[in-house]
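K.L.:
Take a look at this one; I'll ask things after.
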Amino acid sequence: MIIFLISLSSKQKLYHKMSIPSKYEAQKVENQWYKYWMDNEYFYSTPDARESYTIVIPPPNVTGVLHMGHMLNNTLQDVLIRKARLMGKNACWVPGTDHASIATEAKVVARLKERGIAKSDISRDEFLDYAWEWKNEYGGVILEQLKKLGCSCDWKRTKFTMDEDMSASVIRVFVELYNKGLIYRGYRMVNWDPEARTTLSDEEVIYEEQQGLLYYIAYPIDGTDERLVVATTRPETILGDTAICIHPQDERYAHLKGKKAIVPISNRSIPIIEDEYVDLEFGTGCLKVTPAHDENDKALGEKHNLETIDIFNADATLNAHGLHYEGKDRFVVRDEISKELKGLGLLEKTEPYTNKVGTSERTKAVIEPRLSEQWFLKMDTLAQPAIDAVLHTGEVKFFPKKFEKTYRHWMENIRDWNISRQLWWGQRIPAYYYGKGSQDYVVAEDADQALNLARKKSENDKLTAKNLRQDKDVLDTWFSSWLWPISVFDGIMEPENEDIKYYYPTSDLVTAPDILFFWVARMIMAGYEFKGQRPFENIYLTGIVRDKQRRKMSKSLGNSPDALELIEHYGADSVRVGLMLSSAAGNDLLFDEALCQQGKNFANKVWNAFRLVQGWEVEDIPQAESACLGLEWYRAKLAKTLSDINDHFDKYRLSDALMSVYKLVWDDFCSWLLEIVKPAYQQPIDKTTYKAIIELFEANLCILHPFMPFLTEEIWQRIRKRNKDEALIVSSWPTLSLNNQELIPEFEFATTVISAVRNIRKKKNLANKEALDLLFIDKEKLDQRWDVVIKKLAYLKSIGSVAAAVEGAVTFRVKSNEYYIALEGKLDTEAEIEKIKEELEYTQGFLKAVEKKLANERFVNNAPEKVVAMEKKKASDALAKIETLEKSLESLK
């Protein structure tokens, strides 16, 4: 039923009723209100006189679809943005997607393959046409899915990292950094992804423990019958060996100094060198040196002027240096070459060996160390301001703080960033070559500028645009996304525009810890380098969503529920609550679908409370004393809970904030306050109480709105007719003074009494209509004004104090007060005595066990203080219960 308050005489009813569905219809409500919010542009933000509150979304891959990690991350962001909006701030949440070079290129290549087209058979421009076709067809899917979750992003500001202005920002930054001497070309050992056929930065390599073999291979010593045994995990790379290294202090091999060994199969002669780098304890104490395929071997090769033989193609098959293994995959060759070595009598043995193997974060392929000329960004000077901001000045804060240690380790051990990728999808490196020399290139924002620079550098005015060849590589995707908080407001190309000056620095960043260095640290570096300011103030790091068995959710394990199906079944609000109830900052979330059901139950509880209130008839009658007191208590409780919620938000304990709201609404409002004020059956409620209940209900809806936006807006709009400026989404966050706080513990005492009486009724099978008399020995001096509440909720005929124990009564204790309910004629006394004796015997046995534990000195001295204190409390509680049971027993005899 819906009630609209209107001005009528005191004798007239103050309500108008409309039909309210008996069940909360989430799907219907969610579609309706999201459209309403969009139509009225509540999410839209432009600079004005208000304080700004800005979040930039961690842009999901354009290839992505909504998964549980996205659900958690974006729910948290929406909670923060909706809270800020209610606080009166100019809330701006910028959405967008990342072009995801490797993942997107793989999708496009797969699509072309389905059409019978190979990437190698088409031009770069043709490939990019197909890539944009794919992006335009699928690229917006995840953003549309976020709307189903209720995300209140400013969709007019949606950005894509390869939008024209975004790409222009990336190119300008590259040119600026190059001109500062921070970007350079280098021939280095890089991480090569043979599946994506591109380099990766160190941070894009995931090291996993894998069970393999250690192969003991014999190398004949040239000119002798002696053999030198070397242990390796990669027998396929022996064809690239250019030395054997021994330790200068290893007496076992001192006689081999200056001699040569023969590489098995290839029969090449290679030198035996000495270096202290060799680990005497590993394998046989000898090391095969393959400078083209191991970074440490490369360093040894440079130190000892060794030849470099690259035996791999880009796809990790062997090239011509692989001899008869040419064209075969490296892992196939590993098996085949070990068999050949065994047949030659050169494989002495193999042993199981656990090794940390680098794999591609994107494709999962095993990384191949490879020598290649790439573009690098010097990081040490960029890193220092970002280190200071987090670890010294506190300008940027981590929640939880524990991640500062990880950040410190990464930042203080930072290496130059390999920023070039051998792909076509992405921002093409703005380097233009005009000659054959290694330095015959220039860096410029476009070809026209490049031509002018090339003419000056070459001192050749006859150069034309046809003489320029742009670098084939593109920039690492992260090189665009590290500018995200700046570039979404066009702060690189137009550094003094109104948006960047108003919205930057942004307020909060919500993201996962697994991209702490990939993205977060680099954004901090970019913020100080290009704006001289932090990009955001607070970083809220979520946990990883895992299943009940603590396994990370993934498609391959089949343990990740379909996010949209969850929303369809439970409703978006219920899923949001389910995710957040178990999601403390930085701690992994153990997701259980039952949590969504808990969220749905909560939504139904709130909905039914609304239906109950709207079903009451309102009349101009005196207010009940119990209702007046109940309302006073709830206002005090609401103020205290609101203070706690604000504190939780300040400390980014968002799940704790939700739990505080949850308990307030479910327990205090629905289970207690509504019961206190509820009129008797078929009786009206007074208008003073009704008006207060509506005001408090609206306050509840306000603080619940960030977590459950759809349900709260639906009820808010049903309470009374409102215009678009009165919608809940743009209402005001409550502000209450902490008055009458003494009412809270007083009410808790009263509810303990009420619960005890209800428990006795339940145990004794006494109906509520059976009015009881409650007597007590008052030692706590509880304010007697609570008697009206206790009488109403415990269905008591009277409450009175006595000086001594009441004979023949059932008794219970609340703190030091003794309470008595005379049940003469209402009970089977003999059966009751037997029941109390059983409970007394059990409690005495329990106390004996606890006392035995406390008498154990080893336990008391070694157990945590909290555990010992808990055991002592168990003992004191048991003693109090025994005393009460004994008195009950005595009174019944």
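The values are calculated or read from the model by the stated rules, or taken from the named source; none is laboratory data. Just so it is clear, the model here is predicted, and its values are computed rather than measured. For neighbour counting, all protein chains shown are included, and Cβ atoms are generated from backbone atoms with ideal geometry for every residue, glycine included. Just so you know, the surface numbers come from the protein's heavy atoms only, side chains and all, with ligands and any DNA or RNA stripped out. Shrake-Rupley method; radii C 1.70, N 1.55, O 1.52, S 1.80 Å.
K.L.:
Examine the stretch 444-455 for a residue that is open to solvent by 60 Å² or more (accessible area, probe 1.4 Å), over 26 Å from the mean Cα position of the chain (by Cα), under 27 Å from Val190 (Cα atoms) and without any contact (Cβ under 8 Å) to a residue 12 or more places away in the chain, and state whether such a residue exists.
P.N.:
No, because not a single residue in the stretch 444-455 is open to solvent by 60 Å² or more (accessible area, probe 1.4 Å), over 26 Å from the mean Cα position of the chain (by Cα), under 27 Å from Val190 (Cα atoms) and without any contact (Cβ under 8 Å) to a residue 12 or more places away in the chain.
K.L.:
When the stretch 771-787 is examined, which residues are found to be in contact with a Lys or Arg (Cβ under 7 Å, 6 or more places away or on another chain) and open to solvent by 40 Å² or more (accessible area, probe 1.4 Å)?
P.N.:
Pass one, the stretch 771-787, residues in contact with a Lys or Arg (Cβ under 7 Å, 6 or more places away or on another chain): 771-773, 780.
Passing the criteria: Ala771, Asp773, Glu780.
K.L.:
Can you list residue pairs whose Cβ atoms sit under 9 Å apart, with the first residue in the stretch 248-266 being free of Cβ contacts under 8 Å to residues at least 60 places away in the same chain and the second being buried (at least 18 other Cβ atoms within 10 Å of the Cβ) and of a type in the set (Phe, Trp, Tyr)? Count only pairs 6 or more apart in sequence or on different chains.
P.N.:
Filtered contacts from the stretch 248-266: Ala261/Tyr219; Ile262/Tyr219; Val263/Tyr219.
K.L.:
Please give the number of the condition Ala805 fails out of (1) in contact with a Ser or Thr (Cβ under 9 Å, 6 or more places away or on another chain); (2) under 30 Å from Glu675 (Cα atoms).
P.N.:
Only one criterion in (1) in contact with a Ser or Thr (Cβ under 9 Å, 6 or more places away or on another chain); (2) under 30 Å from Glu675 (Cα atoms) is unmet by Ala805, namely (2).
K.L.:
Are any residues in the stretch 1-46 of a type in the set (Gly, Ala, Ser) and modelled with pLDDT under 50, and if so, which ones? Walk me through how you get there before you give the answer.
P.N.:
The initial filter retains those residues of the stretch 1-46 that are of a type in the set (Gly, Ala, Ser), namely 7, 9-10, 19, 22, 26, 45.
Matches in the stretch 1-46: Ser7, Ser9, Ser10.
K.L.:
Still on this structure: Of the residues that sit in the stretch 243-257 and are open to solvent by 70 Å² or more (accessible area, probe 1.4 Å) and assigned to a loop (DSSP other than H, G, I, E, B), which one is farthest from Ala292 (Cα to Cα)?
P.N.:
Initial filter on the stretch 243-257 (open to solvent by 70 Å² or more (accessible area, probe 1.4 Å)): 249, 251-252, 255, 257.
Next cut, assigned to a loop (DSSP other than H, G, I, E, B) only: 249, 257.
Details: Gln249: 27, Lys257: 24 Å.
Ranking the candidates gives Gln249 first.
K.L.:
Would you check if there is a residue in the stretch 371-394 being part of a strand (DSSP E or B), farther than 20 Å from Trp478 by Cβ, open to solvent by less than 60 Å² (accessible area, probe 1.4 Å) and not aromatic (Phe, Trp, Tyr)?
P.N.:
yes
K.L.:
Only residues that are in a helix (DSSP H, G or I), open to solvent by 20 Å² or more (accessible area, probe 1.4 Å), in contact with a strand residue (DSSP E or B) (Cβ under 8 Å, 6 or more places away or on another chain) and within 23 Å of Ala299 (Cα to Cα): list them for the stretch 167-208, please. Step through it out loud before you land on a result.
P.N.:
Taking the stretch 167-208 first, the residues in a helix (DSSP H, G or I) are 167-179, 202-204.
This time we only want the ones that are open to solvent by 20 Å² or more (accessible area, probe 1.4 Å), so: 167-168, 171-172, 176, 178-179, 202-203.
Those left that are additionally in contact with a strand residue (DSSP E or B) (Cβ under 8 Å, 6 or more places away or on another chain): 178-179, 202.
Once the filter is applied, which keeps residues that are in a helix (DSSP H, G or I), open to solvent by 20 Å² or more (accessible area, probe 1.4 Å), in contact with a strand residue (DSSP E or B) (Cβ under 8 Å, 6 or more places away or on another chain) and within 23 Å of Ala299 (Cα to Cα), the stretch 167-208 yields only Asp202.
K.L.:
Picking from Phe846, Phe859, which residue would you name as being over 21 Å from Leu772 (Cα atoms) and surrounded by 15 or more Cβ atoms within 10 Å (Cβ to Cβ)?
P.N.:
On the way: Phe859 fails: surrounded by 15 or more Cβ atoms within 10 Å (Cβ to Cβ).
Going through Phe846, Phe859 in turn, just one is over 21 Å from Leu772 (Cα atoms) and surrounded by 15 or more Cβ atoms within 10 Å (Cβ to Cβ): Phe846.
K.L.:
Of the conditions (1) assigned to a strand (DSSP E or B); (2) open to solvent by 20 Å² or more (accessible area, probe 1.4 Å); (3) without any contact (Cβ under 8 Å) to a residue 60 or more places away in the chain; (4) not hydroxyl-bearing (Ser, Thr, Tyr), Gln211 satisfies every one except a single condition; which number is it?
P.N.:
(3)
K.L.:
Being among the small types (Gly, Ala, Ser), in contact with a helix residue (DSSP H, G or I) (Cβ under 9 Å, 6 or more places away or on another chain) and open to solvent by 60 Å² or more (accessible area, probe 1.4 Å) narrows it down to one of Ala431, Ala465, so name that one.
P.N.:
Values: Ala431 fails: open to solvent by 60 Å² or more (accessible area, probe 1.4 Å).
Among Ala431, Ala465, only Ala465 is among the small types (Gly, Ala, Ser), in contact with a helix residue (DSSP H, G or I) (Cβ under 9 Å, 6 or more places away or on another chain) and open to solvent by 60 Å² or more (accessible area, probe 1.4 Å).
K.L.:
OK, next. Going through the stretch 114-133 one residue at a time, which ones are surrounded by 15 or more Cβ atoms within 10 Å (Cβ to Cβ), over 17 Å from Arg197 (Cα atoms) and of a type in the set (D, E, K, R)?
P.N.:
Correct list: empty.
K.L.:
While we're on this one: Just a yes or no: is a residue in the stretch 485-498 open to solvent by 10 Å² or more (accessible area, probe 1.4 Å), in contact (Cβ under 8 Å) with a residue 24 or more places away in the chain and closer than 18 Å to Trp410 by Cβ?
P.N.:
Scanning the stretch 485-498, I find no residue that is open to solvent by 10 Å² or more (accessible area, probe 1.4 Å), in contact (Cβ under 8 Å) with a residue 24 or more places away in the chain and closer than 18 Å to Trp410 by Cβ, so the answer is no.
K.L.:
Considering only residues of the stretch 742-770 that are of a type in the set (D, E, K, R) and in a helix (DSSP H, G or I), which is surrounded by the fewest Cβ atoms within 10 Å (Cβ to Cβ)?
P.N.:
From the stretch 742-770, those of a type in the set (D, E, K, R) are 742, 746, 748, 758, 761-764, 769-770; that's our starting set.
Filter once more, so that each one left must be in a helix (DSSP H, G or I): 746, 748, 758, 761-764.
Details: Glu746: 18, Glu748: 11, Arg758: 15, Arg761: 17, Lys762: 9, Lys763: 11, Lys764: 17.
Selected residue: Lys762.
K.L.:
Right, here's the next one. Yes or no: Ala880 closer than 30 Å to Val757 by Cβ, outside any loop (DSSP other than H, G, I, E, B) and aliphatic (A, V, I, L, M)? Give the steps one after another, and end with the answer.
P.N.:
Working: closer than 30 Å to Val757 by Cβ: yes; outside any loop (DSSP other than H, G, I, E, B): yes; aliphatic (A, V, I, L, M): yes.
So Ala880 fits the description; yes.
K.L.:
What number of residues within the stretch 526-556 satisfy the criterion of being without any contact (Cβ under 8 Å) to a residue 12 or more places away in the chain and over 30 Å from Asn179 (Cβ atoms)?
P.N.:
Within the stretch 526-556, the first condition is being without any contact (Cβ under 8 Å) to a residue 12 or more places away in the chain, and the residues that meet it are 532, 549, 551-552, 554-556.
Now drop any that are not over 30 Å from Asn179 (Cβ atoms), which leaves 549, 551-552, 554-556.
Result for the stretch 526-556: 6.
K.L.:
Hey, any hits in the stretch 258-275 for a residue that's among the β-branched types (Val, Ile, Thr), over 52 Å from the mean Cα position of the chain (by Cα), part of a loop (DSSP other than H, G, I, E, B) and under 26 Å from Thr317 (Cα atoms)?
P.N.:
Narrowing the stretch 258-275 to residues among the β-branched types (Val, Ile, Thr): 262-263, 265, 270, 272-273.
With over 52 Å from the mean Cα position of the chain (by Cα) added as a condition, the list becomes 262, 265, 270, 272.
Pick out the ones that are also part of a loop (DSSP other than H, G, I, E, B) and you get 265.
So of that shortlist, the ones also under 26 Å from Thr317 (Cα atoms) come out as 265.
Yes.
K.L.:
May I pose another question? Confirm whether Lys651 is surrounded by fewer than 24 Cβ atoms within 10 Å (Cβ to Cβ) and in contact (Cβ under 8 Å) with a residue 24 or more places away in the chain.
P.N.:
Values: surrounded by fewer than 24 Cβ atoms within 10 Å (Cβ to Cβ): yes; in contact (Cβ under 8 Å) with a residue 24 or more places away in the chain: yes.
So Lys651 passes the test.
K.L.:
Scanning the stretch 318-330 for residues that are open to solvent by 30 Å² or more (accessible area, probe 1.4 Å) and touching a residue at least 40 places away in the same chain (Cβ under 8 Å), which turns out farthest from the chain's Cα centre (by Cα)?
P.N.:
Just the residues of the stretch 318-330 that are open to solvent by 30 Å² or more (accessible area, probe 1.4 Å), to begin with: 320-321, 323-324, 326-329.
Then keep just the ones that are touching a residue at least 40 places away in the same chain (Cβ under 8 Å); that gives 321, 323.
On the way: His321: 48, Leu323: 50 Å.
Ranking the candidates gives Leu323 first.
K.L.:
Within the stretch 73-110, which residues are of a type in the set (Gly, Ala, Ser) and modelled with pLDDT under 95? Before the answer, list the steps.
P.N.:
First pass over the stretch 73-110, keeping only residues of a type in the set (Gly, Ala, Ser): 84, 88, 91, 96, 100-101, 103, 106, 110.
Within the stretch 73-110, Ala100, Ser101, Ala103, Ala106, Ala110 meet the criteria.
K.L.:
Of the residues Arg157, Arg85, only one is under 30 Å from Pro734 (Cβ atoms), basic (Lys, Arg) and surrounded by fewer than 23 Cβ atoms within 10 Å (Cβ to Cβ); which? Steps first, answer last, please.
P.N.:
Working: Arg85 fails: surrounded by fewer than 23 Cβ atoms within 10 Å (Cβ to Cβ).
It is Arg157.
K.L.:
Among the residues of the stretch 67-122, count how many are closer than 22 Å to Leu704 by Cα and of a type in the set (Gly, Ala, Ser).
P.N.:
3
K.L.:
Need a quick list: helices (runs of 4 or more DSSP H) entirely within the stretch 520-610 having at least 1 residues that are open to solvent by 10 Å² or more (accessible area, probe 1.4 Å), farther than 25 Å from Gly150 by Cβ and out of contact with any strand residue (DSSP E or B) (no Cβ under 8 Å at 6 or more places or on another chain). Talk me through it step by step, then tell me what you get.
P.N.:
Details: elements: 522-530, 563-570, 572-580.
So the answer is 522-530.
K.L.:
Now, a different point. Given (1) touching a Lys or Arg at 6+ places or on another chain (Cβ under 7 Å); (2) over 20 Å from Lys762 (Cα atoms); (3) surrounded by 13 or more Cβ atoms within 10 Å (Cβ to Cβ); (4) without any contact (Cβ under 8 Å) to a residue 40 or more places away in the chain, identify the lone condition not met by Asn817.
P.N.:
(4)
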